[in-house]
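Asks: First the structure, which I've put down as structure tokens, then a few questions once you've had a look.
Each value in this text was obtained by applying a stated rule to the coordinates, not by laboratory testing. Just so we're clear, the structure is a prediction, and the values are computed from it rather than from any experiment. Cβ placement follows ideal geometry from the backbone for every residue including glycine, while neighbour counts extend to all protein chains displayed.
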Amino acid sequence: MKDKLEYNVEVRWDNQTGGEVDIGHFPILRLDMPVDFGGAGRYPCPDELFLSAVAACLLTTFLYFKKALKFHLEEYHVSAKQTIEKPSADGYRITEINALISVKVKTQERRKAEKCLELAKKYCHITRSLETAIPIRISTQIQVQS
């Protein structure tokens, strides 16, 4: 793997209360301001997209290590929640992120799933990058299927 990766996006206003994200070789992603802030709420807001990126990074990091550990995964699910507060006149701030990763594996795969969850929590580069600015709590649970 490379030591340095770069990603580029372009965001254009849609002449309403949102915009379009052009990632290049993918379909256009639309976003909008939430109704609470005067937007139309037609599409996900940047906070939802941000939280989606956090949860998706936990998924893809898990899948990277799953491939290395070579085990069969029955199910994977992550639910994430972020809290946004206005602690001062300076404006809003994300004050915490909580995620719960749930996996389902066969009994014989439990140890590998546990290791994979540990590695995903440790090496997700997005959560690692954010943890000095935002408290992030990642919980895990494993459901075993005989």
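Asks: Given segment 1-44 reduced to its alpha-carbon atoms as identical point scatterers, what log10 I(q)/I(0) does the Debye formula return at q = 0.20 Å⁻¹?
Replies: Taking Cα atoms of segment 1-44 as identical point scatterers yields -0.66.
Asks: Taking θ as phi - 60°, what are the ³J(HN,Hα) couplings along segment 76-82 by the Karplus curve (6.51, -1.76, 1.60), each to the nearest whole Hz, with x for Gly and Pro?
Replies: For segment 76-82, the Karplus curve yields 9, 8, 10, 10, 9, 9, 10 Hz.
Asks: Can you run phi through the Karplus equation (6.51, -1.76, 1.60; θ = phi - 60°) for segment 99-104 and list ³J(HN,Hα) in whole Hz, with x for Gly and Pro?
Replies: Result, rounded to whole Hz: 9, 10, 9, 10, 10, 10.
Asks: Report the paramagnetic label zone for Asp14: residues of segment 30-65 whose backbone N is under 17 Å from a point 7 Å from Cα along the Cα-to-Cβ axis.
Replies: 30-50, by backbone N distance to the label point.
Asks: Next up: Straight distance only, please: which lysines reach the Cα of Lys70 with their own Cα at less than 29 Å, same-chain residues fewer than 8 apart left out?
Replies: Lys70 reaches Lys2, Lys4, Lys104, Lys106, Lys112, Lys115, Lys121, Lys122.
Asks: Right, something else. What does the charge dipole of segment 1-44 about its Cα centre add up to, to the nearest 20 debye, if the Cβ of each Lys and Arg holds +1 and the Cβ of each Asp and Glu holds -1?
Replies: Using Cβ point charges on Lys, Arg, Asp and Glu, segment 1-44 gives about 80 debye.
Asks: Explain nothing, just compute: Karplus ³J(HN,Hα) = 6.51 cos²θ - 1.76 cosθ + 1.60, θ = phi - 60°, for every residue of segment 124-136 in order, whole Hz, x for Gly and Pro.
Replies: 4, 5, 6, 5, 4, 6, 8, 4, 7, 9, 9, x, 10
Asks: Would you grab the residues whose amide H sits under 5 Å from the one on Glu96? Only those 5+ places off in sequence or on another chain, please, with H modelled 1.01 Å from N.
Replies: It is Thr83, by chain and number.
Asks: How large are Rg and Dmax for the chain when calculated on the C-alpha trace, in angstrom?
Replies: Answer for the chain, Rg first and Dmax second: 18.0, 55 Å.
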